[in-house]
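Here, each number is a calculation from the coordinates, and none is a lab measurement. Nothing here was measured: the structure is a model prediction, and the numbers come from that model. Cβ placement follows ideal geometry from the backbone for every residue including glycine, while neighbour counts extend to all protein chains displayed.
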Amino acid sequence: MNDNIASPDHEKPIKDSKGRAQLRQWLNKSFRIKMTDGRVLYGTFACTDRDGNIILASCSEYLSEHSDPSEERVLGLIMVPGRHIVSIQVDDMSEPRKLLDCSSKLSSESVTPEE
């Protein structure tokens, strides 16, 4: 994977920060997000922004962590406001059935562009 990105203001690529490199590794991985209101979202990580908002593709919603799978609500492509996220887990396919808790790694400070 290319660790350099083209800067819109320059022709010369800039080196990714550690936060950006981590986010790139999480692209297209399955995320499980717990919300402040108790809902749980399962979907594919598509992107984020510096405010901690997350875009999930192919997302399904459950009313609680222990909801019956028949209570699934298919949402499709959604934006999850960062202020409503309690925790995030990444499904690491290199180790089957293991979820990595990445909540502490996702902060706007760790993904801000280097100046």
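Cut-off is 10 Å between beta-carbons; in what order do K18, K29 appear when sorted fewest neighbours first? Present the calculation step by step, with values, prior to reporting the outcome.
Values: K18 10, K29 14.
Sorted ascending by nearby Cβ count, the order is K18, K29.
Tell me, D37, D91 in order of fewest to most beta-carbon neighbours within 10 Å?
Working: D37 9, D91 18.
Going from sparsest to densest Cβ surroundings: D37, D91.
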